[in-house]
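Presented below is the structure to which this report refers.
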Amino acid sequence: MKRVIHVDMDAFYASVEVRDDPSLAGKPLIVGGRSPRSVVTTASYEARRFGVKSAMSMIEAVRRCPQATVVEPRMSAYAAASEEVMAILRSYSPLCEPLSLDEAFLDVTASETLFGPAVEIAKAIRARIRADLRLTASAGVATSKFVAKIASDLDKPDGLTVVPPGEEQAFLAPLAIDRMWGVGPKSAVSLRAEGFHTIGDLVGAPPAKLRKVLGSWGEEIVRLARGEDPREVTPARAAKSIGSEETFERDVHSASELEPHLLAQAGRVAMRLTAEGLLCRTVSLKVKYADHKSVTRQATLKVPACDTQSLYEAARELLGKVDLSQKGVRLTGVQASGLEEAAREQRTLFQSAATDRRRTLERALHDVREKFGTSAVVQARTMETTRRRG
Ligand code: TTP
Ligand code: MG
């Protein structure tokens, strides 16, 4: 039986800002750009009480919470804090798989003989993050990645949720379907319309009914709803590739519908290349069809790059080489490989450019939404990936 801990930092960017400027403590804080077209990157829990959320337009956020302090993101500070968090996690198990700057899975099955039960390890990790980094983290402890991830989110901020072995299905059953990994707001509405309100309602649902609402993802979701998730925690060392992929809630049929997703994926890969001071030589596009068959196309860049535009253009060109006429697409992924370290002076430059890059991406997405309507950028399940050496 596996013992998995999922750790997710609380209001991560905002908490780093408060730590570094104690005059912000206890007050509503919004991290995001200041221009009218910017969106909220994250907000402190004090600001969330006013309805401020990640990805909300800054105009709306300031309208809801006019007294909030707004600060621009400082990616290098968050990347540094992230490295320290991951170092604490790795001191309890080498099987540490970061999902983003602020969250990671840790398989502690083999660590229990040394450090005690998984629950005690989770407590120790939270205590060390608090003492050494002056930040708070929420954690979930369970027998699988999926259940641990849901658990870590249940008692945020500064919470610890433990799901004892054998109680996975009972733990999940009463939770609202919105908590399900991969069910976005749109699918949640459709599922409720079909009479599914809790994760428990999904267990034993007729497969055809679920397929109608969720497409090919319907069958997987039932297994997850039962608490069955065999995925291993995959440890991470030096990056060999950095990728971002999404499983769509509904199968997608045209290039024009896929392009905004490729743009968002390219943007996320660019952000992470930038944060790690890396350039890539190769861009790959993965397309998985509704029948789960997938194709991958690869291109070599003329000049190594780490910016959204270069990655997006390469991905879009690759999409032109993929057959979209036969069947729907359930997933796309953009991956950067052939990674190399950027020169030191370039890295500093990149890090200050990270904020601009996010803003450019958000502006582009905003324009796509304006042009094609919100449905052009549909809700999707996002899975960031980093493939590692060794
Ligand atoms: P999250 O873990 O989703 O959010 P959070 O840590 O701010 O808050 P909490 O976990 O307590 O709910 O994301 C981690 C960081 O990633 C977040 O601090 C800022 C960044 N982020 C974005 O840049 N854009 C986004 O849309 C989201 C959701 C997060
Ligand atoms: Mg977080």
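The values are calculated or read from the model by the stated rules, or taken from the named source; none is laboratory data. All of these numbers come straight from a predicted model, not from anything done at the bench. Here the Cβ positions follow ideal geometry from the backbone for every residue, glycine too, while neighbour counts run over all protein chains shown. When the accessible area is computed, the model is the full protein with side chains, heavy atoms only, and any ligands, DNA or RNA have been set aside. Shrake-Rupley method; radii C 1.70, N 1.55, O 1.52, S 1.80 Å.
Quick check: convex hull of the Cα atoms in region 108-212, volume per residue, rounded to a whole Å³? Can you show the working numbers first?
On the way: hull volume 11.8 nm³, N = 105.
With only Cα atoms used, region 108-212 gives 112 Å³ per residue.
Please report, as a whole percent, how much of the solvent-accessible surface of region 69-194 comes from carbon and sulfur atoms (probe radius 1.4 Å).
Values: 2820 of 5060 Å².
The C+S portion of the solvent-accessible surface of region 69-194 is 56 percent.
List, in order, the whole-Hz ³J(HN,Hα) value for each residue of region 81-96 obtained from phi through the Karplus relation with A = 6.51, B = -1.76, C = 1.60 and θ = phi - 60°; use x for Gly and Pro.
Residue by residue, region 81-96 yields 4, 4, 4, 5, 4, 5, 5, 4, 4, 5, 6, 9, 6, x, 8, 10 Hz.
Kindly report, to the nearest 10 Å², the accessible surface of Lys293 as traced by a 1.4 Å probe over protein heavy atoms only.
In the full protein context, Lys293 sits at about 130 Å².
Taking the Cα-to-Cβ direction at Met1 and at Lys240 and moving 7 Å from each Cα, how far apart do the two end points lie in nm?
Spacing of the two 7 Å Cα→Cβ label points: 3.4 nm.
Below 25 Å, Cα to Cα, which lysines can Lys302 reach? Residues fewer than 8 away in the same chain don't count.
Straight-distance partners of Lys302: Lys240, Lys286, Lys321.
Can you give me the accessible area per residue for the chain, using a 1.4 Å probe, in Å²?
Working: 17540 Å² over 390 residues.
Solvent-accessible surface per residue comes out at 45 Å².
Scan around Val39 for amide H atoms under 5 Å from its own, H built in the peptide plane at 1.01 Å from N, and keep only partners 5 or more places away or cross-chain.
Result for Val39 returns Gly33, Met58.
In the Gaussian network model of the chain, springs joining C-alpha atoms below 10 Å, which of Val322, Val163, Val39 carries the largest mean-square fluctuation?
Val322
Quick one: grab the alpha carbon gyration tensor of region 1-109, order the square roots of its eigenvalues as a ≥ b ≥ c, and give me rounded if a/c is under 1.5, else prolate or oblate depending on whether a/b is larger than b/c.
Judged from the Cα gyration tensor, region 1-109 comes out prolate (a/c at least 1.5, a/b above b/c).
Take the Cβ-Cβ distance between Lys293 and Lys209 as r, set R0 to 22 Å, and report the resulting FRET efficiency rounded to the nearest 0.05.
Details: r = 25 Å, r/R0 = 1.12.
Calculated value: 0.35.
Could you pull out every one of the lysines with an alpha carbon less than 18 Å from that of Lys149, ignoring same-chain neighbours closer than 8 positions?
Cα-Cα hits under 18 Å: Lys2, Lys123.
Assuming R0 = 35 Å, what is the FRET efficiency of Ala173 and Ala25, from their Cβ-Cβ distance, to the nearest 0.05? Walk me through the intermediate numbers first.
On the way: r = 39 Å, r/R0 = 1.10.
That gives a FRET efficiency of 0.35.
If I take all pairs of Cα atoms in region 199-268, what percentage of them are more than 20 Å from each other?
Numbers: 1261 of 2415 pairs.
I get 52 percent for the Cα pairs in region 199-268 exceeding 20 Å.
Residue by residue, what Karplus-based ³J(HN,Hα) values in Hz, rounded to whole numbers, does region 14-23 have, using 6.51, -1.76 and 1.60 with θ = phi - 60° and x for Gly and Pro?
Computed from phi, the couplings for region 14-23 are 5, 5, 5, 5, 5, 4, 7, 9, x, 5 Hz.
Once you place label points 7 Å from the Cα toward the Cβ at Glu220 and Thr300, how far apart are they in nm?
Here the answer is 3.3 nm between the modelled labels.
Please list, in chain and number order, the residues 5+ apart from Thr198 or on another chain whose amide H is under 5 Å from its amide H, with Hs placed from the backbone.
Under 5 Å from the amide H of Thr198: Ile177.
Plugging the Kirkwood radius over Cα pairs into Stokes-Einstein for region 255-313, at a temperature of 4 °C and a viscosity of 1.567 mPa s, what D comes out in µm²/s? If you can, show how the numbers build up before the last one.
Details: Rh = 12.2 Å.
Diffusion coefficient, whole number: 106 µm²/s.
Roughly how many Å is it from the Cα centre of region 151-170 to that of region 74-92, as a whole number?
So the two Cα centres are separated by 23 Å.
What is the distance, in nm, between label points placed 7 Å from the Cα along the Cα-to-Cβ direction at Arg34 and at Asp155?
If labels sit at Arg34 and Asp155, their model points lie 4.1 nm apart.
Quick check on the chain: helices-only [θ] at 222 nm, where DSSP H runs of length 4 and up contribute -39,500 (n - 2.57) each and the sum goes over total residues. Nearest 500, please.
Working: 15 runs with 163 residues, N = 390.
Result for the chain, helices only: -12500 deg cm²/dmol.
If r is the Cβ-Cβ distance from Arg49 to Glu232 and R0 is 41 Å, what FRET efficiency results, to the nearest 0.05? All intermediate terms of the calculation are to be shown ahead of the outcome.
On the way: r = 38 Å, r/R0 = 0.94.
It comes to 0.60.
Quick one: 3J(HN,Hα) in Hz for region 216-232, Karplus 6.51/-1.76/1.60 with θ = phi - 60°, rounded, Gly and Pro as x.
5, 6, x, 6, 4, 5, 5, 4, 5, 4, 7, x, 9, 8, x, 4, 7
Let a ≥ b ≥ c be the square roots of the eigenvalues of the Cα gyration tensor of the chain; is it rounded (a/c under 1.5), or, if not, prolate (a/b larger than b/c) or oblate? It would help to have the intermediate numbers written out before the result.
Values: a/c = 1.26, a/b = 1.04, b/c = 1.22.
Rounded, because the longest to shortest axis ratio a/c is under 1.5.
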